[in-house]
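Remarks on the structure that follows.
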Amino acid sequence: MDTTLPLIDLRDPPAESARRIGEACRAQGFFYLVGHGCDEARAQRLEALSHRFFALPEDVKQRWAMAQGGRAWRGWFPLGGELTSGRPDWKEGLYLGTELPDDDPRVLAGLPLHGRNLLPGDDVLPGFRDTVLETIDEVSALGHRVMALIARSLELPEDYFHTRYTADPLVLFRIFLYPSRPAPAQLDVRDGVGEHTDYGLLTLLRQDDVGGLQVRTPSGWIEAPPRSGAFVCNIGDMLDRMTGGLYHSTPHRVRLNVSGRDRLSFPLFFDPNMAARIEPIRSAATDDPTTRWDGASVHAFDGTYGDYVLAKVGKVFPQLKQAVLERPR
Ligand SMILES: O=C(O)CCC(=O)C(=O)O
Ligand SMILES: [Fe+2]
(Lines give C-alpha, C1' and ligand atoms only; values in the text may rest on other atoms or scores of the structure.)
(Ligands and ions follow the chains in the order given, each with its own letter.)
Protein backbone atom coordinates (compact mmCIF):
# COMPACT_ATOMS: atom_id res chain seq x y z
CA MET A 1 0.00 0.00 0.00
CA ASP A 2 0.97 3.58 -0.61
CA THR A 3 2.78 5.11 2.35
CA THR A 4 1.07 8.48 2.00
CA LEU A 5 -2.55 9.34 2.74
CA PRO A 6 -4.82 10.62 -0.04
CA LEU A 7 -5.65 14.31 -0.36
CA ILE A 8 -9.22 15.39 -1.11
CA ASP A 9 -9.84 18.92 -2.39
CA LEU A 10 -13.39 20.12 -1.75
CA ARG A 11 -13.04 22.62 -4.62
CA ASP A 12 -13.26 19.63 -7.01
CA PRO A 13 -16.72 18.74 -8.34
CA PRO A 14 -18.72 17.01 -5.55
CA ALA A 15 -19.05 13.79 -7.55
CA GLU A 16 -15.25 13.60 -7.80
CA SER A 17 -14.72 14.41 -4.10
CA ALA A 18 -17.29 11.76 -3.13
CA ARG A 19 -15.64 9.15 -5.31
CA ARG A 20 -12.19 9.87 -3.87
CA ILE A 21 -13.46 9.96 -0.27
CA GLY A 22 -15.08 6.55 -0.87
CA GLU A 23 -11.77 5.19 -2.17
CA ALA A 24 -9.92 6.55 0.86
CA CYS A 25 -12.48 5.14 3.32
CA ARG A 26 -12.20 1.67 1.77
CA ALA A 27 -8.39 1.77 1.71
CA GLN A 28 -6.79 3.68 4.61
CA GLY A 29 -9.85 5.06 6.43
CA PHE A 30 -7.87 8.33 6.59
CA PHE A 31 -7.50 11.28 4.23
CA TYR A 32 -6.41 14.92 4.16
CA LEU A 33 -9.01 17.54 3.38
CA VAL A 34 -8.19 20.89 1.74
CA GLY A 35 -10.27 23.47 -0.11
CA HIS A 36 -12.72 23.37 2.81
CA GLY A 37 -13.07 27.12 3.20
CA CYS A 38 -12.46 27.24 6.95
CA ASP A 39 -10.98 30.49 8.23
CA GLU A 40 -7.19 30.15 8.42
CA ALA A 41 -6.74 33.26 10.56
CA ARG A 42 -9.15 31.82 13.14
CA ALA A 43 -7.23 28.54 13.21
CA GLN A 44 -3.98 30.45 13.80
CA ARG A 45 -5.60 32.51 16.53
CA LEU A 46 -6.86 29.33 18.22
CA GLU A 47 -3.37 27.86 18.10
CA ALA A 48 -1.78 30.91 19.71
CA LEU A 49 -4.48 31.17 22.41
CA SER A 50 -4.25 27.45 23.17
CA HIS A 51 -0.50 27.75 23.78
CA ARG A 52 -1.26 30.56 26.19
CA PHE A 53 -3.90 28.49 27.95
CA PHE A 54 -1.63 25.49 28.51
CA ALA A 55 1.16 27.80 29.69
CA LEU A 56 -1.00 28.97 32.65
CA PRO A 57 0.08 27.60 36.05
CA GLU A 58 -1.52 24.29 37.06
CA ASP A 59 -3.36 25.80 40.01
CA VAL A 60 -4.95 28.36 37.69
CA LYS A 61 -5.97 25.72 35.13
CA GLN A 62 -7.56 23.80 37.99
CA ARG A 63 -10.38 26.37 37.88
CA TRP A 64 -11.59 24.68 34.69
CA ALA A 65 -10.82 21.07 35.70
CA MET A 66 -13.10 18.37 34.27
CA ALA A 67 -14.20 17.40 37.76
CA GLN A 68 -16.08 20.74 37.86
CA GLY A 69 -17.77 20.03 34.51
CA GLY A 70 -20.03 17.35 36.01
CA ARG A 71 -22.07 15.28 33.60
CA ALA A 72 -21.10 17.46 30.63
CA TRP A 73 -17.52 16.07 30.92
CA ARG A 74 -16.04 19.36 29.82
CA GLY A 75 -12.92 21.13 30.93
CA TRP A 76 -9.22 20.67 31.50
CA PHE A 77 -7.39 17.47 32.34
CA PRO A 78 -3.73 17.37 33.37
CA LEU A 79 -0.83 15.47 31.81
CA GLY A 80 -1.39 11.73 32.16
CA GLY A 81 -5.04 12.36 33.11
CA GLU A 82 -6.51 10.31 30.24
CA LEU A 83 -5.97 6.59 29.73
CA THR A 84 -5.81 4.61 26.49
CA SER A 85 -6.04 0.84 27.07
CA GLY A 86 -5.45 1.49 30.78
CA ARG A 87 -2.17 3.36 30.23
CA PRO A 88 -1.80 7.14 30.69
CA ASP A 89 -1.31 9.23 27.55
CA TRP A 90 1.48 11.82 27.63
CA LYS A 91 -0.81 14.70 26.79
CA GLU A 92 -2.79 17.44 28.46
CA GLY A 93 -6.11 18.64 27.14
CA LEU A 94 -9.26 20.63 27.11
CA TYR A 95 -12.57 18.83 26.48
CA LEU A 96 -15.16 20.91 24.67
CA GLY A 97 -18.29 20.48 22.60
CA THR A 98 -21.47 22.06 21.32
CA GLU A 99 -22.37 24.84 23.76
CA LEU A 100 -25.73 24.18 25.45
CA PRO A 101 -27.29 26.44 28.10
CA ASP A 102 -28.33 25.06 31.50
CA ASP A 103 -32.00 25.19 30.53
CA ASP A 104 -31.57 23.05 27.40
CA PRO A 105 -33.89 20.03 27.80
CA ARG A 106 -30.97 17.60 27.34
CA VAL A 107 -28.98 19.32 30.07
CA LEU A 108 -32.02 19.44 32.37
CA ALA A 109 -32.52 15.72 31.74
CA GLY A 110 -28.89 15.09 32.81
CA LEU A 111 -27.79 13.62 29.47
CA PRO A 112 -24.03 13.03 29.81
CA LEU A 113 -21.61 14.86 27.45
CA HIS A 114 -24.06 17.74 26.95
CA GLY A 115 -23.82 21.18 28.53
CA ARG A 116 -21.83 24.35 28.85
CA ASN A 117 -18.17 24.56 27.99
CA LEU A 118 -15.72 25.02 30.80
CA LEU A 119 -12.84 27.24 29.71
CA PRO A 120 -11.32 30.61 30.58
CA GLY A 121 -13.33 33.71 29.73
CA ASP A 122 -12.16 37.05 28.40
CA ASP A 123 -10.92 38.13 31.83
CA VAL A 124 -8.16 35.51 31.63
CA LEU A 125 -7.66 34.86 27.89
CA PRO A 126 -9.44 37.48 25.77
CA GLY A 127 -10.98 35.96 22.65
CA PHE A 128 -10.36 32.31 23.58
CA ARG A 129 -13.96 31.39 24.30
CA ASP A 130 -15.37 32.99 21.15
CA THR A 131 -12.64 31.51 18.98
CA VAL A 132 -13.33 28.02 20.37
CA LEU A 133 -17.10 28.32 19.90
CA GLU A 134 -16.75 29.71 16.35
CA THR A 135 -14.35 26.88 15.49
CA ILE A 136 -16.79 24.26 16.78
CA ASP A 137 -19.56 25.75 14.60
CA GLU A 138 -17.35 26.02 11.54
CA VAL A 139 -15.90 22.52 11.73
CA SER A 140 -19.31 21.00 12.60
CA ALA A 141 -20.67 22.56 9.38
CA LEU A 142 -17.78 20.95 7.52
CA GLY A 143 -18.67 17.64 9.20
CA HIS A 144 -22.18 17.86 7.73
CA ARG A 145 -20.69 18.52 4.27
CA VAL A 146 -18.28 15.60 4.44
CA MET A 147 -20.99 13.23 5.71
CA ALA A 148 -23.14 14.19 2.70
CA LEU A 149 -20.20 13.26 0.43
CA ILE A 150 -19.71 10.01 2.33
CA ALA A 151 -23.41 9.21 1.79
CA ARG A 152 -22.95 9.89 -1.90
CA SER A 153 -19.86 7.66 -1.99
CA LEU A 154 -22.04 4.81 -0.67
CA GLU A 155 -24.69 5.44 -3.36
CA LEU A 156 -27.06 6.71 -0.69
CA PRO A 157 -29.16 9.89 -0.72
CA GLU A 158 -27.05 12.85 0.43
CA ASP A 159 -29.19 13.32 3.52
CA TYR A 160 -28.93 9.66 4.59
CA PHE A 161 -26.81 10.31 7.72
CA HIS A 162 -28.38 13.68 8.41
CA THR A 163 -31.90 12.23 8.56
CA ARG A 164 -31.00 9.25 10.72
CA TYR A 165 -28.10 10.37 12.90
CA THR A 166 -26.75 13.89 12.58
CA ALA A 167 -29.60 16.41 12.25
CA ASP A 168 -28.56 17.10 15.86
CA PRO A 169 -25.12 15.47 16.03
CA LEU A 170 -23.04 14.79 19.12
CA VAL A 171 -20.05 17.06 18.57
CA LEU A 172 -17.04 16.77 20.87
CA PHE A 173 -14.06 19.03 20.31
CA ARG A 174 -10.71 18.69 22.04
CA ILE A 175 -7.54 20.68 22.24
CA PHE A 176 -4.51 18.57 23.08
CA LEU A 177 -1.01 19.58 24.03
CA TYR A 178 1.74 16.97 23.67
CA PRO A 179 4.61 18.33 25.71
CA SER A 180 8.16 18.15 24.45
CA ARG A 181 9.38 17.40 27.97
CA PRO A 182 9.75 13.70 28.75
CA ALA A 183 7.41 11.82 31.08
CA PRO A 184 8.79 10.97 34.56
CA ALA A 185 10.32 7.49 34.58
CA GLN A 186 7.90 6.20 37.24
CA LEU A 187 4.88 6.87 34.98
CA ASP A 188 4.18 3.96 32.67
CA VAL A 189 3.91 6.10 29.53
CA ARG A 190 4.51 4.83 26.01
CA ASP A 191 2.80 7.22 23.60
CA GLY A 192 1.30 10.68 23.28
CA VAL A 193 -1.93 8.76 22.60
CA GLY A 194 -1.92 4.98 22.57
CA GLU A 195 -3.25 3.01 19.61
CA HIS A 196 -7.03 3.29 19.32
CA THR A 197 -9.90 3.82 16.92
CA ASP A 198 -12.33 6.73 17.17
CA TYR A 199 -15.85 5.97 18.35
CA GLY A 200 -18.26 7.81 16.12
CA LEU A 201 -18.76 8.65 12.46
CA LEU A 202 -16.05 11.10 11.40
CA THR A 203 -13.09 12.86 13.02
CA LEU A 204 -11.81 16.14 11.55
CA LEU A 205 -8.44 17.08 13.04
CA ARG A 206 -6.21 20.08 12.63
CA GLN A 207 -2.65 19.82 13.86
CA ASP A 208 0.20 22.28 14.11
CA ASP A 209 3.47 21.77 12.26
CA VAL A 210 5.17 19.45 14.81
CA GLY A 211 3.84 16.03 13.71
CA GLY A 212 3.64 12.66 15.49
CA LEU A 213 0.30 11.19 14.34
CA GLN A 214 0.64 7.70 12.86
CA VAL A 215 -1.88 5.45 11.10
CA ARG A 216 -1.86 1.65 11.05
CA THR A 217 -2.10 0.21 7.55
CA PRO A 218 -1.94 -3.45 6.54
CA SER A 219 1.72 -2.87 5.63
CA GLY A 220 2.64 -1.15 8.90
CA TRP A 221 2.53 2.24 10.60
CA ILE A 222 2.68 5.30 8.35
CA GLU A 223 3.00 8.95 9.29
CA ALA A 224 0.20 11.49 8.91
CA PRO A 225 2.52 14.51 8.79
CA PRO A 226 1.23 18.08 9.10
CA ARG A 227 0.03 19.70 5.86
CA SER A 228 -0.57 23.39 6.03
CA GLY A 229 -4.26 24.33 6.16
CA ALA A 230 -5.41 20.71 5.89
CA PHE A 231 -7.65 18.63 8.12
CA VAL A 232 -6.77 15.01 8.72
CA CYS A 233 -10.07 13.11 8.53
CA ASN A 234 -10.78 9.58 9.64
CA ILE A 235 -13.68 7.23 9.94
CA GLY A 236 -14.98 6.12 13.34
CA ASP A 237 -16.36 2.82 14.65
CA MET A 238 -20.00 3.67 13.85
CA LEU A 239 -19.37 4.08 10.13
CA ASP A 240 -17.33 0.88 10.15
CA ARG A 241 -20.23 -0.82 11.87
CA MET A 242 -22.87 0.62 9.54
CA THR A 243 -20.94 -0.37 6.41
CA GLY A 244 -20.15 -3.87 7.66
CA GLY A 245 -16.43 -3.09 7.63
CA LEU A 246 -16.36 -1.68 4.10
CA TYR A 247 -15.22 1.70 5.46
CA HIS A 248 -12.41 1.30 7.94
CA SER A 249 -12.22 2.73 11.42
CA THR A 250 -8.43 2.61 11.29
CA PRO A 251 -6.21 2.37 14.38
CA HIS A 252 -3.92 5.33 14.96
CA ARG A 253 -1.65 6.73 17.67
CA VAL A 254 0.53 9.72 18.49
CA ARG A 255 4.19 9.09 19.23
CA LEU A 256 5.99 10.68 22.14
CA ASN A 257 7.03 14.19 21.21
CA VAL A 258 10.80 14.46 20.89
CA SER A 259 10.76 17.48 18.56
CA GLY A 260 11.86 19.95 21.23
CA ARG A 261 8.61 21.92 20.75
CA ASP A 262 5.19 21.31 22.32
CA ARG A 263 2.65 19.95 19.81
CA LEU A 264 -1.00 21.06 19.57
CA SER A 265 -3.83 19.17 17.89
CA PHE A 266 -7.52 20.01 17.51
CA PRO A 267 -9.75 17.00 16.81
CA LEU A 268 -13.48 17.44 16.32
CA PHE A 269 -15.54 14.27 16.66
CA PHE A 270 -18.66 14.41 14.51
CA ASP A 271 -20.88 11.69 15.90
CA PRO A 272 -24.45 10.40 15.82
CA ASN A 273 -27.03 11.78 18.20
CA MET A 274 -26.79 9.65 21.37
CA ALA A 275 -30.41 8.51 21.10
CA ALA A 276 -29.93 7.17 17.56
CA ARG A 277 -29.91 3.41 17.14
CA ILE A 278 -27.07 2.32 14.87
CA GLU A 279 -28.38 0.32 11.90
CA PRO A 280 -26.48 -1.42 9.10
CA ILE A 281 -26.65 0.35 5.73
CA ARG A 282 -28.36 -1.56 2.99
CA SER A 283 -27.33 -0.36 -0.43
CA ALA A 284 -25.78 -1.78 -3.57
CA ALA A 285 -22.48 -0.27 -2.45
CA THR A 286 -22.38 -2.16 0.86
CA ASP A 287 -23.77 -5.44 -0.45
CA ASP A 288 -20.51 -7.00 -1.59
CA PRO A 289 -20.07 -10.02 0.72
CA THR A 290 -16.32 -10.20 -0.01
CA THR A 291 -15.81 -6.89 1.77
CA ARG A 292 -17.57 -7.93 4.93
CA TRP A 293 -15.64 -9.03 7.93
CA ASP A 294 -16.99 -10.15 11.26
CA GLY A 295 -15.57 -10.98 14.62
CA ALA A 296 -14.37 -7.49 15.48
CA SER A 297 -16.29 -6.37 18.54
CA VAL A 298 -17.70 -3.29 16.82
CA HIS A 299 -19.77 -5.55 14.55
CA ALA A 300 -21.41 -7.32 17.44
CA PHE A 301 -22.61 -3.98 18.80
CA ASP A 302 -26.34 -3.39 18.86
CA GLY A 303 -27.68 -0.29 20.55
CA THR A 304 -27.78 3.48 20.54
CA TYR A 305 -24.71 5.63 20.03
CA GLY A 306 -25.11 6.78 23.61
CA ASP A 307 -24.64 3.20 24.87
CA TYR A 308 -21.45 2.90 22.85
CA VAL A 309 -19.81 6.24 23.56
CA LEU A 310 -20.51 6.24 27.31
CA ALA A 311 -18.92 2.81 27.72
CA LYS A 312 -15.85 4.09 25.85
CA VAL A 313 -15.55 7.40 27.67
CA GLY A 314 -15.90 5.61 31.01
CA LYS A 315 -12.77 3.61 30.18
CA VAL A 316 -10.58 6.61 29.42
CA PHE A 317 -11.69 8.56 32.52
CA PRO A 318 -12.43 5.87 35.13
CA GLN A 319 -12.50 8.20 38.16
CA LEU A 320 -14.79 10.62 36.43
CA LYS A 321 -17.10 7.78 35.47
CA GLN A 322 -17.35 6.78 39.11
CA ALA A 323 -17.80 10.31 40.35
CA VAL A 324 -20.27 11.44 37.71
CA LEU A 325 -22.11 8.66 35.95
CA GLU A 326 -22.45 6.14 38.75
CA ARG A 327 -23.59 8.66 41.33
CA PRO A 328 -27.34 9.06 41.70
CA ARG A 329 -28.43 12.55 40.65
O1 LIG B 1 -3.66 14.41 18.40
C2 LIG B 1 -3.75 13.70 17.41
O3 LIG B 1 -3.08 13.90 16.40
C4 LIG B 1 -4.69 12.52 17.42
C5 LIG B 1 -5.63 12.48 18.57
C6 LIG B 1 -6.57 11.32 18.48
O7 LIG B 1 -6.36 10.37 17.78
C8 LIG B 1 -7.82 11.34 19.26
O9 LIG B 1 -7.99 12.22 20.12
O10 LIG B 1 -8.69 10.48 19.02
FE1 LIG C 1 -8.19 9.24 17.51
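The values are calculated or read from the model by the stated rules, or taken from the named source; none is laboratory data. This one's a predicted model, so the numbers in the text were calculated from it and none came from an experiment. Quick reminder, even Gly has a Cβ in these numbers, built from the backbone with ideal geometry, and neighbours come from all protein chains shown. SASA here: full protein model, heavy atoms, side chains in, ligands and nucleic acids out. Shrake-Rupley method; radii C 1.70, N 1.55, O 1.52, S 1.80 Å.
Report those strands (runs of 3 or more DSSP E) wholly inside the range 130-231 carrying at least 1 residues which are over 21 Å from Gly29 (Cα atoms) and free of Cβ contacts under 8 Å to residues at least 40 places away in the same chain. Steps first, please.
Values: elements: 170-178, 193-196, 202-207, 213-217, 220-223.
So the answer is none; nothing clears 1.
Would you check if there is a residue in the range 122-129 being at pLDDT 95 or above, among the acidic types (Asp, Glu) and within 30 Å of Phe31 (Cβ to Cβ)? Scanning the range 122-129 turns up no residue that is at pLDDT 95 or above, among the acidic types (Asp, Glu) and within 30 Å of Phe31 (Cβ to Cβ).
Residues in the range 247-267 that are within 23 Å of Ser180 (Cα to Cα), within 14 Å of ligand 1 (Cβ to nearest atom) and not basic (Lys, Arg): His252, Val254, Leu256, Asn257, Ser259, Asp262, Leu264, Ser265, Phe266, Pro267. From (1) out of contact with any Lys or Arg (no Cβ under 8 Å at 6 or more places or on another chain); (2) closer than 25 Å to Ala109 by Cα, pick out the condition that doesn't hold for Cys38. Condition (2) is where Cys38 drops out. Note on the range 152-186: among residues that are open to solvent by 20 Å² or more (accessible area, probe 1.4 Å) and closer than 20 Å to Ser259 by Cβ, the one that is farthest from the chain's Cα centre (by Cα) is Pro184.
Of all residues in the range 104-124, those that are within 15 Å of Gly69 (Cβ to Cβ) have Cβ atoms under 6 Å from Cβ atoms of residues that are surrounded by fewer than 18 Cβ atoms within 10 Å (Cβ to Cβ) and β-branched (Val, Ile, Thr), 6 or more apart or on another chain, in His114/Val107; Gly115/Val107. Here Glu155 meets the list (1) more than 20 Å from Leu310 (Cα to Cα); (2) within 16 Å of ligand 1 (Cβ to nearest atom) almost entirely, failing just condition (2). Among residues of the range 77-124 being in a loop (DSSP other than H, G, I, E, B) and of a type in the set (Lys, Arg), the one that is least open to solvent (accessible area, probe 1.4 Å) is Lys91.
Do we have Met274 as more than 16 Å from ligand 2 (Cβ to nearest atom), in contact with a helix residue (DSSP H, G or I) (Cβ under 6 Å, 6 or more places away or on another chain) and not β-branched (Val, Ile, Thr) here? Considered against the rule, which asks whether it is more than 16 Å from ligand 2 (Cβ to nearest atom), in contact with a helix residue (DSSP H, G or I) (Cβ under 6 Å, 6 or more places away or on another chain) and not β-branched (Val, Ile, Thr), Met274 comes out as yes. Is it the case that some residue within the range 179-189 is among the charged types (D, E, K, R), within 14 Å of ligand 1 (Cβ to nearest atom) and at pLDDT below 95? The answer is no; no qualifying residue exists. Of the helices (runs of 4 or more DSSP H) lying entirely inside the range 1-66, those carrying at least 2 residues that are touching a Phe, Trp or Tyr at 6+ places or on another chain (Cβ under 7 Å), open to solvent by less than 60 Å² (accessible area, probe 1.4 Å) and more than 24 Å from Arg152 (Cα to Cα) are 40-54. Among the residues making up the range 255-268, those that are out of contact with any helix residue (DSSP H, G or I) (no Cβ under 9 Å at 6 or more places or on another chain) and open to solvent by 10 Å² or more (accessible area, probe 1.4 Å) are Arg255, Leu256, Asn257, Val258, Ser259, Gly260, Arg261.
Taking the conditions (1) within 16 Å of ligand 2 (Cβ to nearest atom); (2) under 27 Å from Arg145 (Cβ atoms) in turn, Asp209 satisfies each one other than (1).
Note on the range 204-246: residues that are near ligand 1 (Cβ under 10 Å from one of its atoms), open to solvent by 10 Å² or more (accessible area, probe 1.4 Å), closer than 30 Å to Arg277 by Cα and not aliphatic (A, V, I, L, M) amount to 1. Of note, Phe173 satisfies the criterion of being touching a helix residue (DSSP H, G or I) at 6+ places or on another chain (Cβ under 7 Å) and within 16 Å of ligand 1 (Cβ to nearest atom).
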